[in-house]
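A short reminder: the numbers here are calculations on the coordinates, not readings from a lab. Predicted model only: the values in this text are computed from it and were never measured. Glycine gets a Cβ as well: all are built from the backbone with ideal geometry, and neighbour counts include every protein chain shown.
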C-alpha cells in the first residue's frame with residue numbers, strides 16, 4: 001500500500017497546537033460573551049486567535065477539525081428571549097503590527113484586482129471595549145434591541161436599551177427599516193462611582209468597565225439597568241430598507257443626524273500611512289479619553305466595495321481591528337495546577353499572587369504545556385532565553401484588559417537557591433492513569449479515556465453543546481451536576497434519565513433547582529434529540545480532531561453509521577501502519593539532526609511501510625477514508641483509534657441504541673460542477689482568484705489548491721505551469737477561463 005510521505009509528525013504537532021488554541025478560544029468566548037466574566041486577557045485571546053488562524057492558513061487540512069473559526073460570540077444565556085438577527089453580527093480580524101495593516105490593504109487590493117497605486121479610502125475609528133448591541137427601528141420607532149449572542153441569535157434586551165439616554169426612542173425621517181449597531185459602554189468616571197457605591201453597601205465590585213457595562217445591560221430587571229450609567233456609540237448597521245449613503249463616512253454622518261452618538265475620532269484616510277498615523281494619535285489619547293478602547297478599526301470607505309468584498313465565515317473582508325499592545329507586570333508564581341480537557345490533554349495553569357495589571361487584578365496565567373514550562377517552543381528552540389518556570393519564581397506577565405495573562409519572562413536574580421525544576425506529571429491528576437506524550441505531540445494526554453472523570457465530564461459538555469446535540473435545558477452546569485450525582489456517566493445515560501429518575505425516590509423534580517415544569521421540559525428536550533442528524537452525531541461523540549466540518553464531510557461521504565463504522569474497522573490495519581511510518585520518520589529526523597546529516601525520510605518511511613503487511617481491503621478503505629476532501633491521515637487515525645477502543649465502541653453502541661439517526665441525502669446535482677473538485681491555476685483575467693473560488697463553492701464545487709487524481713476540472717489561465725502538466729498526465733479535464741464561465745453559465 002502507499003501511505004502519504006508528508007511530515008505527518010509535524011502535522012500532528014500543528015494539529016495538537018491548533019486544538020489547544022481552539023479549546024482556549026471556545027472557552028474564552030463563553031466566559032466573555034455569555035458570562036461577562038472573561039478568563040483570559042484580550043492580548044492572550046488575540047494572540048491565540050492569530051496563531052489559530054495562522055495554523056489554519058499554513059495547514060489547510062486543519063479545516064476538518066475547525067469549529068471555533070465558524071463561531072462568533074457565544075450562545076444566548078438562559079433568562080432572555082431570543083432574537084434572530086436579520087443580518088449576522090460578525091467579529092473582526094486583527095492586526096497587531098504596522099506590517100499587518102499593509103498586508104490587509106494588499107489583500108483588499110488583490111481581491112478587488114486593484115493595483116498598488118489605485119485610489120482606495122478607509123475609515124479609522126476607536127474600537128470601544130464594551131458590549132455589542134443591535135437596535136431595530138421600524139418606521140422610526142425602536143422595536144427591538146439584541147445583543148450579539150452567537151452572531152445569529154442574540155438576547156432580547158429591549159426594555160434595558162430603552163433606559164440608555166444615548167439611544168433614541170423615535171427617529172423622525174428614518175428609513176422604514178433601520179438596524180443600528182454599536183457598542184454599549186461605561187465611562188471611567190461612572191465606573192469608579194458605581195464600584196464605590198457597591199463597595200459602600202458591601203456589594204460586588206466589577207473588574208473593569210466592560211464587565212460593568214455588559215452586566216448592567218444584561219440585567220433581567222430593567223430598573224437595575226436604569227440605575228447604571230450606560231452610554232452607546234453607533235458605528236454600523238444591519239438590515240436597511242434603503243441605503244444610508246454611498247460611503248462608510250457618509251453613513252456614520254447620517255446616523256449622527258438621526259441623534260446617535262458617533263465617535264468624534266473617526267477619520268477618513270486615503271493611505272495606510274494615514275491609517276497608522278491616526279492609530280498612533282488615538283493611542284496617545286487613550287489614557288485621557290475617559291472610556292476604554294483596545295484598538296482602532298479600519299474599514300473600506302466605499303460601501304459598494306464592501307459589498308463586493310463580502311464576508312468570510314465570521315469576519316468581513318473589508319474591515320480589521322488594529323489592536324493596542326499588551327501591558328506588563330511582575331508577580332510571584334505560587335503554584336502550577338493541571339487541568340484535564342475533553343481530549344485528555346493535561347494543561348498547566350499558573351497560580352499567581354494577585355497583581356493589578358492595567359487596573360485589573362489577575363491571578364492566573366496559561367502555561368500551555370510542559371515544553372513551555374521548560375523554556376522551549378514547539379520546535380524545541382529556546383523561548384524566554386531558555387529560562388524555565390518554577391514554583392516560587394518572580395514572573396513577568398502581560399495582558400491587555402482582561403484577567404488571565406501569559407508569562408513573558410522570569411527574574412532569575414530572585415529565584416531561591418532551593419528552587420527545583422518543575423516536574424510535569426506523568427499520571428492524570430483526575431484518575432491516576434498514565435499521561436502519555438506521543439511523538440510529535442506537544443501535549444501530554446491522559447490514557448484513561450472514558451474512565452477519566454475529567455474527560456467524561458468534558459466530553460458530556462461537548463455532547464450537549466450547541467453544535468452537537470444542543471439539548472435545551474442541559475448545559476455545562478447540569479452535566480456537571482448529573483455526573484457528580486452519578487446519574488450520567490456517558491451520553492447514552494442522558495436518554496435514560498426519564499426512565500431512571502423521572503419516578504421513584506430520586507425524582508428529578510424533587511432535586512434542588514428542579515420542579516415539575518423544568519423536569520418535564522428537560523425530558524421532552526432530550527426525547528426531541530433522539531432523532532439526530534448524522535453529522536451532529538459524529539461531532540457530538542467528541543472524537544479527537546473531528547470538528548463540525550470534518551463531521552459533515554464524513555456524514556456526506558458515508559451517509560450512515562454502519563458504513564462509517566465498517567470503514568473505520570476495515571481501515572484499522574492501514575491506520576496502524578501509517579502511525580508506525582510516522583513514528584519511524586520522526587525518529588529518523590531526530591537522529592539525523594543529532595548526527596548533523598540530512599534525514600533519509602523517504603527511505604525510512606518506505607521501509608517502515610514495507611514492514612507492515614496491510615491487506616488490500618484495508619489499504620483501499622484507508623485511502624477512501626483519508627481521501628475524503630478535508631479529512632486526511634490525522635483525522636483518519638483518530639477515528640480509527642476511537643472505533644478500535646473497546647470501551648469507546650461500547651459507549652457508541654449504547655448511544656446508538658437510544659437514537660434514530662437522520663441520514664443525509666446524497667449530494668444533489670444542482671449545477672454542472674456540483675460535487676466536483678476544481679483547481680484554478682495561472683492568471684485569471686475576468687475575475688480574481690478569490691472571486692473565482694467563491695463562485696465555484698457557491699455552485700457546490702470543492703476548490704483545491706493542488707492537482708491530484710481526485711481533481712475533476714483544472715481551470716488554466718495564462719502562465720499555467722506544473723499543475724497543467726500534471727493534469728494532462730492524469731487525464732484531467734482542462735479548460736480556460738472562458739470555458740469555465742460557459743460551463744457554469746456566467747459567460
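With contributions of -39500 (n - 2.57) from each DSSP H run of at least four residues, the per-residue ellipticity at 222 nm computed over the chain stands at -11500 deg cm²/dmol. Pull up the DSSP beta bridges for the chain and report the antiparallel fraction as a percent, rounded to 5. Bridges in the chain are about 80 percent antiparallel. Global size of the stretch 124-267: 15.6, 52 Å for Rg and Dmax (C-alpha atoms, Rg to one decimal, Dmax whole).
Give me the Å³ per residue figure for the convex hull around the C-alpha atoms of the stretch 326-447.
It is 112 Å³ per residue.
Can you sort 514, 237, 740 so the residue with the fewest Cβ neighbours within 10 Å comes first?
Ranking 514, 237, 740 by Cβ neighbours within 10 Å, fewest first, gives 514, 237, 740.
Residue order for 427, 452, 446, fewest other beta carbons within 10 angstrom first, comes to 427, 452, 446. Shape analysis of the stretch 54-194 places it in the prolate category; the axes a ≥ b ≥ c from the Cα gyration tensor give an a/c of at least 1.5, with a/b above b/c.
Listed by Cβ neighbour count within 10 Å, with the fewest neighbours leading, 65, 451, 276, 543 appear as 451, 276, 543, 65. Which of the three applies to the stretch 677-743, rounded, prolate or oblate, going by the alpha-carbon gyration tensor with a ≥ b ≥ c and a/c under 1.5 meaning rounded? It comes out oblate by the Cα gyration axes. Along its principal axes, the stretch 625-717 has C-alpha extents of 56, 27, 20 angstrom, given from the largest down. Computing P(r) over Cα pairs in 10 Å bins from 0, in percent for the structure here picks out one of (i) 3, 14, 24, 24, 19, 12, 4, 0, 0; (ii) 3, 15, 25, 27, 18, 8, 3, 0, 0; (iii) 2, 12, 20, 25, 23, 13, 4, 0, namely (iii).
All Cα-Cα separations within the stretch 449-529 were binned at 5 Å from zero, giving a P(r) of 3, 16, 29, 28, 17, 7, 1, 0, each value a whole percent of the pairs.
Which of rounded, prolate, oblate describes the stretch 405-507, given a ≥ b ≥ c as roots of the alpha-carbon gyration tensor eigenvalues and a/c under 1.5 marking rounded, otherwise prolate only if a/b is larger than b/c?
Since a/c reaches 1.5 and a/b is larger than b/c, the shape of the stretch 405-507 is classed as prolate.
Highest mean packing first, where packing is the average number of other Cβ atoms within 10 Å per residue, the peptides 211-219, 653-661, 148-156 line up as 211-219, 148-156, 653-661.
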